[in-house]
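Below is one structure, written out as structure tokens, with a few remarks after it.
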Amino acid sequence: MKPFLPFLAPAMALLVLSGCATKPAPSFDYSHYKASDPKSILVLPPVNNTPEIRAPYSMLSQVTLPLAESGYYVLPVSLVDETLKENGITQAQDAHDLPSAKLREIFGADAALFITMTRYGTVYKVIDSQATVSAEARLVDLKTDNVLWTGKATASTAEQQNRNQGSAAVMLVSAIVKQIVGTITDQSHPLAGLTSQRLLRAGRRDGLLYGPRSPRYKQEDEAKPR
């Protein structure tokens, strides 16, 4: 066994180095985020780029939970919405266009979360019907106007669907029924909750960092997939 010992150490070192090389690096620069260290977040009404008028408020009603669980104080979204309307801001895009300094003056938050709804609702596709919710977001420091973080997420009923549903005729009828049921019951609402979790729950790869109210504050490794 001794003749093989000189080759054993280099081989083990190569394995260690190759293992380190495969560790994925974060695709987002968190330097501004860590320097800002926001403690309170203002969530503005989402901009709706979908045909469904329910989309922004379906998402808005479910964003507080993942942010609070991530360790941030979240200004009550209903109070923010009413305050904007009382000041003549009735459209989400107008709220998004307000200067950061003005938002900080009115609400006193450290950072603002800007959400855009890109998909919401049930779509009929030949022999299938899917409800999908997709959203994008960016977190902006209201003191410096720096973009601290950006992200996107989606959720769909296709994730739970069984692809082996039988004949084409059965699949066609099933798709029509699912579209009708989805439209009547708004299957997209719980999907908006799942999307908000995927988008705003801290600890995910390239996701938000944990806030000061979390026991994992400044302890997470954002480069590690979760």
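Here, each number is a calculation from the coordinates, and none is a lab measurement. Note that the coordinates shown come from a computational prediction; the quantities given were computed from them, not determined experimentally. Glycine gets a Cβ as well: all are built from the backbone with ideal geometry, and neighbour counts include every protein chain shown.
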Additional length obtainable on full extension of the chain from residue 65 to residue 205, 0.36 nm per residue less Cα span: 48.5 nm
Charge context of residue 48, other residues only, Cβ under 14 angstrom, K/R +1, D/E -1: -2
Cut-off under 5 Å, modelled amide H: who pairs with residue 43 long-range: 75, 113
Environment charge at residue 195 (Cβ cut-off 12 Å; Lys +1, Arg +1, Asp -1, Glu -1): +2
Peptides 45-53, 209-217, 96-104 ordered by average Cβ neighbours within 10 Å, highest first: 45-53, 209-217, 96-104
